Amino acid sequence: MQTRAEELLAYLGLSERLTHKPAQLSGGEQQRVAVARALLNKPKIILADEPTGNLDSQNSEEMHLLFRQLRDDFNHTFLIATHSKELASICDRRLEMVDGHVLAS
């Protein structure tokens, strides 16, 4: 399991931060660690609730690109709940909820 974790962190560009504590990581690095944790057991579906909600615009954009790259490289399915129009715009399928009703878009 440790080898898999180290491989994922390397894939996500965090090899040099392996021994750092969470408080020593930037917000973007913390999000990438969370992604690595989600991928560790090779789930078929990854659920993400506002995955870029606390990130600045640059880190948000990088995370958006990362989701697509992970989908392509590892064939994972992401189910993402977000208010971000930018993130929603790059998704393969979008469902919108308005006043408690789900609308296909």
Quiz item: If the Cβ limit is 9 Å and pairs must be 6+ apart or interchain, which residue in the range 58-87 that is farther than 20 Å from Y11 by Cβ and in contact (Cβ under 8 Å) with a residue 12 or more places away in the chain pairs with which residue that is among the polar types (S, T, N, Q) and assigned to a helix (DSSP H, G or I)?
Solution: S84/S60; E86/S57; E86/S60; L87/S60
Quiz item: Quick one: which strands (runs of 3 or more DSSP E) sit completely within the range 40-105 and have at least 2 residues that are within 14 Å of the chain's Cα centre (by Cα) and at pLDDT 90 or above?
Solution: 45-49, 77-81
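Let's see how each residue does on (1) free of Cβ contacts under 8 Å to residues at least 24 places away in the same chain; (2) in contact with a Gly (Cβ under 7 Å, 6 or more places away or on another chain); (3) not hydrophobic (A, V, I, L, M, F, W, C):
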| position | (1), (2), (3) |
| --- | --- |
| R4 | no, no, yes |
| E7 | yes, no, yes |
| R17 | yes, no, yes |
| K21 | yes, no, yes |
| Q24 | yes, no, yes |
| A36 | no, no, no |
| I45 | no, no, no |
| G53 | no, no, yes |
| D56 | no, no, yes |
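The values are calculated or read from the model by the stated rules, or taken from the named source; none is laboratory data. Keep in mind the model is a prediction, meaning the values are calculated, not measured. Backbone-built Cβ (ideal geometry, glycine too); neighbour counts: all protein chains shown.
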